[in-house]
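> Sending over a structure as structure tokens; questions will come in a sec.
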Amino acid sequence: SKCAFAECTSLTSVTIGNGVTAIDGSAFYGCTSLTSVTIPDSVTSIGWSAFYDCTSLTSITIPSSVTVIGDRAFSDCSSLTAISVNPANPNYASDNGVLLNKTRTTLIQCPGGYSGPYNIPDSVTSIGNGAFEGCISLTSVTIPDTVTAIGDGAFSGCTSLTSITIGNGVTSIGDY
């Protein structure tokens, strides 16, 4: 159910059983001791902020069955250094640990533990809501001319970010 384990600070690992098809929004929000999650192939959707603020989460693999991932599903996960995607997934891909849609036109989520500068690939045309939210070790971002839109809260909480180079194609920048 929605917010089933939210703010459960003693939960350290989760193995989601086969047959579960959805992880609802905020289901594990604020589970700060959660270090690992196993998501079965039966899961087709991961809701908005499902793992938001899971600061001890170190890895996540999106199975081939997932067709929907909500905004900020993995935001503020400061120990998460990579988001892996099963290569057979028809909707999502990972580029050096950064979550993108399969066609690599939308940057969905940079893992919160990403460190250093990041150059967004030229294939990207939009940056999703909260895409870099909570990336506390991100130092700089280069946005290519191909990007036309930057979502709400895209760089919220990026406390080490010292520079952003915004390409000429950007026509809208969201709130926060």
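> So for segment 46-171: antiparallel DSSP bridges make up what percent, rounded to the nearest 5?
Taking every DSSP beta bridge within segment 46-171, about 25 percent pair in antiparallel fashion.
> Specify whether the C-alpha gyration tensor of segment 67-134 places it in the rounded, prolate or oblate class, a ≥ b ≥ c being the square roots of the eigenvalues: rounded for a/c under 1.5, otherwise prolate if a/b is larger than b/c and oblate if not.
rounded
> Residues of the chain: accessible area per residue at 1.4 Å, in Å²?
Averaged over the residues of the chain, the accessible area is 43 Å².
> Counting only protein heavy atoms, what percent of the accessible surface of the chain is carbon or sulfur at a 1.4 Å probe?
Its accessible area is 49 percent carbon and sulfur atoms.
> Continuing with this model, one more query. Based on the alpha-carbon gyration tensor of the chain and its eigenvalue square roots a ≥ b ≥ c, which shape applies: rounded if a/c is under 1.5, prolate if not and a/b is larger than b/c, or oblate? Kindly include the intermediate steps, with their values, before the conclusion.
On the way: a/c = 1.99, a/b = 1.48, b/c = 1.35.
Prolate, because a/c is 1.5 or more and a/b exceeds b/c.
The values are calculated or read from the model by the stated rules, or taken from the named source; none is laboratory data. Quick caveat: nothing in here was measured; it's all calculated off a predicted structure. With ligands, DNA and RNA removed, areas are computed over all heavy atoms of the protein, side chains included. Shrake-Rupley method; radii C 1.70, N 1.55, O 1.52, S 1.80 Å.
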